[in-house]
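The values are calculated or read from the model by the stated rules, or taken from the named source; none is laboratory data. Not measured: the values here are computed from a predicted model. In this analysis, Cβ positions are derived from the backbone assuming ideal geometry, glycine residues included, and neighbour counts consider all displayed protein chains. Accessible surface is based on the protein model in full, side chains and every heavy atom, while ligands, DNA and RNA are left aside. Shrake-Rupley method; radii C 1.70, N 1.55, O 1.52, S 1.80 Å.
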Amino acid sequence: MIDVAEVSAIVREVADRQVLPRFGALAAADISEKSPGDLVTVADRAAEEALAERLLALLPGSVVVGEEAVAADPGVLALLEGPDPVWIIDPIDGTQNFVEGSPRFTTLVALARGGELLASWTHAPALDVHATAVKGGGAVVDGRPVRVRPREGGLRELDIVTSQPRWWTPEHRAQHHALARERVSLAFFDTSGLEYVELAAGRRSAMILGWEFPWDHAAGILLHAEAGGVSLTADGTPFRLSGGNDLPFVSAPDAATALAVHAAMRPRAKEASA
């Protein structure tokens, strides 16, 4: 098994060399769009390249699925279904924040094999937050073991976060409106990496996610799971790294809570679309 501390050191070092020096110092030419509203910077590309080089050397025979590599060649995603250990990398989760000067961004790394998550690292360099998880070994945030917040009461007692409305499909919009009628506490997040840390540490109850890019979720899903949580898609099955998930999916402290959130969204959504 990989030495968790050794990978942590690599993630920290790459962030210190490739990401933080560019934070607040980007020129216009350093920023571009992969698609409308989806930013990428020279820091994203440099950090992913450096992480890939170091992690492949650390684990001979492994492969990399990185956000920027997939943007250049979508066929890279097929590596998730192969027999080799896979490093899943998001060099900067929250690139929009990074570009705008907000410290709320993370570097995310996960190790998987055969669709099973084995270990993960979440690092927020500008906030000095570092979280790790090992399958069967628990979740740790800033050196301390963490657990999810147990569910107490019904839906109205839940503190739920979800993506900003500009990213919702019409169907997801109807589902969110239905859930809001249950009078849950519903807020919008700006970066999923940090919100998974909040869930794992028990500072949030649940999260609703409407997209399935594995680099955005792999590290957080394992961190949350090792803290006692679950992530279920709309058909009640666990999130699959290789895709094809019935979206949105819900990360919650237990399966009953995740299913209750899905149920609250589903009937009203059908009514709205009828």
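Residue pairs, Cβ under 6 Å, 6 or more apart or interchain, first in the stretch 1-12 and within 10 Å of Leu55 (Cα to Cα), second open to solvent by 40 Å² or more (accessible area, probe 1.4 Å) and among the basic types (Lys, Arg). List them.
Listed pairs, sorted by first residue: Ile10/Arg54.
Given (1) open to solvent by 40 Å² or more (accessible area, probe 1.4 Å); (2) under 29 Å from Glu116 (Cα atoms), where does Ala28 come up short, assuming only one miss?
In the conditions (1) open to solvent by 40 Å² or more (accessible area, probe 1.4 Å); (2) under 29 Å from Glu116 (Cα atoms), Ala28 misses (2) alone.
Counting just the residues of the stretch 71-98 that are of a type in the set (Val, Ile, Thr) and surrounded by 20 or more Cβ atoms within 10 Å (Cβ to Cβ), which one comes out farthest from Val14 (Cα to Cα)?
Only one residue tops the list, namely Val86.
Confirm whether Glu48 is in contact (Cβ under 8 Å) with a residue 12 or more places away in the chain, part of a helix (DSSP H, G or I) and not hydrophobic (A, V, I, L, M, F, W, C).
Judged against the criteria, Glu48 is a match.
Answer with yes or no whether Ala110 is assigned to a helix (DSSP H, G or I) and either open to solvent by 20 Å² or more (accessible area, probe 1.4 Å) or closer than 30 Å to Gly244 by Cβ (or both).
For Ala110, the condition - assigned to a helix (DSSP H, G or I) and either open to solvent by 20 Å² or more (accessible area, probe 1.4 Å) or closer than 30 Å to Gly244 by Cβ (or both) - is not met.
Consider Leu77 carefully, then state whether it is of a type in the set (A, V, I, L, M), part of a helix (DSSP H, G or I) and within 19 Å of the chain's Cα centre (by Cα).
yes
Across the stretch 33-64, what is the number of residues that are in contact with an Asp or Glu (Cβ under 7 Å, 6 or more places away or on another chain), of a type outside the set (Asp, Glu) and under 18 Å from Thr106 (Cα atoms)?
5
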